[in-house]
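The values are calculated or read from the model by the stated rules, or taken from the named source; none is laboratory data. Predicted model, so just to flag it, every value in this text is computed and none were measured. When we count neighbours, we look across all protein chains shown, and the Cβ atoms used for this are built from the backbone with ideal geometry, even at glycine.
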Amino acid sequence: MTKTALIVGATGVVGRALVTQLCEHDAYQRVIVWVRRPLAFSHPKLTVRIVDFEGIDAIPIEPIDDVFCALGTTKKQAGSREQFWRVDVDYPLAVARWAKQAGASQCILISSPGANATSPLLYLRAKGEAERGVRALAFERVLIIHPPIIMGQRADKRLAETVSARILLRLPATWLPTLRPMTGDAIARAVCGFAQHTQHGCFIRKPCEWVAAIE
């Protein structure tokens, strides 16, 4: 069976890699991307739709099998706590609800280690709330990804992540393996592999563990 995938967050480090890898993956015959502006990438399998994320409920339904959500920002980039919450919680849940109506059986959410809906930290609280909301939609399969520090070209500068990544990369590979930084390509490769599993339920995965197991 060949599937149709929907990706949101396709301009981020992991999202960009997911688009290219899913387009090359034999399991997918069609890859739909929702973005606010055109992508600098094309492929015969790829359909790019410019959408208003404030009006997701009004987007016409079309059949999909898997939805990949890599939406995310920072409070600084978003400009306010309220807009940060919109991007990291409200939009992902609106996308997931749309995908459920479109017949998707699997939802893949790029989240964060430490995600907790009751955390005093805004970032972790938002990620935890998004996870909780996606679980409540009762997809046949929910895959939540907890990546380590993500390496790659970003539109915004994240000094703390950059410094942390440099420190961790200087440590031996066997030290703190679940925290060791990974490229967007490596994370996307792991996520594509996870997405082909067929067990029903909700699963939390750390890509670094999966990649280490096969290399």
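Considering (1) free of Cβ contacts under 8 Å to residues at least 40 places away in the same chain; (2) under 17 Å from the mean Cα position of the chain (by Cα); (3) surrounded by 14 or more Cβ atoms within 10 Å (Cβ to Cβ), say which one Leu22 fails and leave the rest.
(1)
Of all residues being touching a residue at least 60 places away in the same chain (Cβ under 8 Å) and buried (at least 24 other Cβ atoms within 10 Å of the Cβ) in the stretch 87-103, which is nearest to Pro207 (Cα to Cα)? Just the residue, please. Spell out the reasoning first.
Quick first cut of the stretch 87-103, residues touching a residue at least 60 places away in the same chain (Cβ under 8 Å) only: 91-92, 95, 99, 102.
Those left that are additionally buried (at least 24 other Cβ atoms within 10 Å of the Cβ): 92, 95, 99.
Working: Pro92: 21, Val95: 23, Ala99: 24 Å.
Checking each candidate, the answer is Pro92.
Could you look through the stretch 179-210, keep only residues that are in contact with a helix residue (DSSP H, G or I) (Cβ under 8 Å, 6 or more places away or on another chain) and of a type in the set (Gly, Ala, Ser), and pick out the one that is surrounded by the fewest Cβ atoms within 10 Å (Cβ to Cβ)?
Gly193
Go through (1) crowded, with 17+ Cβ neighbours inside 10 Å; (2) at pLDDT below 85 for Ser164 and report which single condition fails.
With respect to (1) crowded, with 17+ Cβ neighbours inside 10 Å; (2) at pLDDT below 85, Ser164 is out only on (1).
Inside the stretch 74-131, counting only helices (runs of 4 or more DSSP H) that do not spill past its ends, which hold 1 or more residues that are at pLDDT 95 or above?
On the way: elements: 75-78, 81-85, 91-101.
Qualifying helices (runs of 4 or more DSSP H): 81-85, 91-101.
Residues being surrounded by 12 or more Cβ atoms within 10 Å (Cβ to Cβ) and closer than 16 Å to Ala70 by Cβ: count how many of those fall in the stretch 29-45. Let's see the steps before the verdict.
Initially, the stretch 29-45 is screened for residues surrounded by 12 or more Cβ atoms within 10 Å (Cβ to Cβ), giving 29-35, 39, 41, 43, 45.
Keeping just the survivors that are closer than 16 Å to Ala70 by Cβ gives 31-35, 39, 41.
Qualifying residue count, the stretch 29-45: 7.
Of Phe84, Phe53, which residue is of a type in the set (A, V, I, L, M, F, W, C), buried (at least 20 other Cβ atoms within 10 Å of the Cβ) and over 24 Å from Phe194 (Cβ atoms)?
Details: Phe53 fails: buried (at least 20 other Cβ atoms within 10 Å of the Cβ).
Exactly one of Phe84, Phe53 is of a type in the set (A, V, I, L, M, F, W, C), buried (at least 20 other Cβ atoms within 10 Å of the Cβ) and over 24 Å from Phe194 (Cβ atoms), namely Phe84.
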